[in-house]
Amino acid sequence: MSSRNTLIASISGIRGIFGSGLSPEILVKYASAFAQWCVESGGGGRTVVVGRDARVTGDICSRIVTGTLASAGLDVVDAGLATTPTVEMAVIKEEAVGGIVFSASHNPAEWNALKLLNRKGEFLSPEEGARVLDLAEAGTDPTVGYQSVGGIVRRDFLDHHIEAILSLPFIEPGVIGDRGFRVVVDGVNSVGGVAVPALLNRLGIVDVTCVNCEPTGIFAHPAEPLPENLAGTLDVVREVGADIGIVVDPDADRLALIEPGGRYMSEELTQVLAADFMWRFRNGPFATNLSSSRAIEDVAARYGQEVYRSAVGEINVVRRMQEVGAVLGGEGNGGVILPDLHYGRDALVGVAMVLQHLAGEQISLSEVRESLPAYHIIKRKIEIGSADPGALLRTMAERYESERVDLTDGVKIDFDEGWVHMRRSNTEPIMRIYAEAGGLEEAEGLAARFVAELGSLALNG
């Protein structure tokens, strides 16, 4: 294993390669800080929920951290293998003071991370996250005496999560089951491979083909649910004649869909499809981040609804949703956030909403996609070496100050024909460049142009 320190400690969580930055010592350091924060902010609450995806290091990380939390006098409810949205709902159910999810999301299998939740089952706000980081750097030690150590119990919350989805007024399992869907599920060898088939079963769907659903933590393909990573799954959808393919990331908070015949439907359209469904039942605004497709504004216009934008990051979208009273929100990475359930991206509720839409309208996924606005979005990332990302972005903003520029999160430039968004990643030591236009060539050209400009600035200062 490389000796390179990969640890990224930010308000988005603690992330790194196990053995090359993420170590038992680091786990104890940040778990102790989180425990102290829980004690400070808990109002007397002493329960913390812990869950994990199927990464090989998940069990050992969980054991280290649950022990640390208990040594600080906190009672731990260990949810075991659980999706991130399931843990978020468990925090609410248990009336816990906080929660921890072990998952590095779309990062490769050698990575792991601590995602930290507050008592509402939401990711920590920037202020809350900053306090935890301060406590970690201060070397806080919340260890209590032997008379006061906390307990550790195991509970499974998947049934609770599924029951809550089935109880939503606009989800009708009978209607979905009667449609007779043939479904392929790719769980990328993690918790979604268990949770999604269980949900489908409860929705009355019996014809389910599972691909990479064994939760081994050895991912059969790169974990991000993008078309270049899913060639085998696309083939299976075509070979079995499936009506829909369902693909999730390792912690099942992102949902991508595959049309009949094995055509990938952009994960940018997952939240758009969910909104198109939701606005048939309920009026109200939608919130999403700056890097998501313009398609959501086009669909909102059909229903006379408003769309609000936030900085990238789930908690930023959630805060915007709460500010404007959004009935739904999401992110263009396949995230759907339904406040009726909880304020977090949730692939399971996304699956239920999509299937209900198809069943209720008696249409195919391909027909739905054809009814949605057609845009092409290109997502690139570049390493910038020792260059100052802030300085690079300031220079780009100055270059394009005559255009419509949004500085909420990095630099977003809106042109008539499309847009480009440049920002420093929250989870990797890179710069992200997203570009969208009505045509594929135009989007690729826009992305290439700004990759080249940023690369030149980084190289030449």
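Just so you know, all these numbers are worked out from the coordinates, no wet-lab data involved. Worth saying up front: this structure is predicted, and the values here are computed from it rather than measured. Counting neighbours? That spans all protein chains shown, and the Cβs are built from the backbone with ideal geometry, glycine included.
For this structure, a couple of remarks:
- Within straight-line cross-link reach of residue 412, lysines at Cα separation under 19 Å, skipping those fewer than 8 residues along the same chain: 379, 381
- With the helix formula -39500 (n - 2.57) applied to DSSP H stretches of n ≥ 4, the chain reaches a computed 222 nm mean residue ellipticity of -11500 deg cm²/dmol.
- Candidate lysines for bridging to residue 120, where Cα separation is under 17 Å - those fewer than 8 sequence places away on the same chain excluded: 93
- Ordering 421, 221 by the number of other Cβ atoms within 10 Å of each residue's own Cβ, fewest first, gives 221, 421.
- Partner lysines for residue 29 [C-alpha distance under 22 Å; skip if fewer than 8 residues away on the same chain]: 115
- Debye intensity ratio in log₁₀ form over the Cα atoms of the stretch 175-371, taken at each q of 0.09, 0.18 Å⁻¹: -0.30, -1.21
- Each residue of the stretch 119-126 is assigned a 3J(HN,Hα), and the resulting list reads 5, 8, x, 9, 4, 4, 5, x Hz, derived from the Karplus form 6.51 cos²θ - 1.76 cosθ + 1.60 (θ = phi - 60°), x at Gly and Pro.
- Among beta bridges identified by DSSP and lying wholly in the chain, the antiparallel ones come to about 60 percent.
- Ranked packing of 230-236, 328-334, 109-115, most packed first, by mean Cβ within 10 Å: 328-334, 109-115, 230-236
- Sorting 303, 146 from the fewest to the most surrounding beta carbons within 10 angstrom yields 146, 303.
- Taking the number of Cβ atoms within 10 Å of each Cβ as an exposure proxy, the fewest-first ranking of 277, 18 is 277, 18.
- A P(r) calculated from all alpha carbon pairs of the stretch 198-308, with 10 Å bins opening at zero, reads 12, 37, 32, 17, 1 percent.
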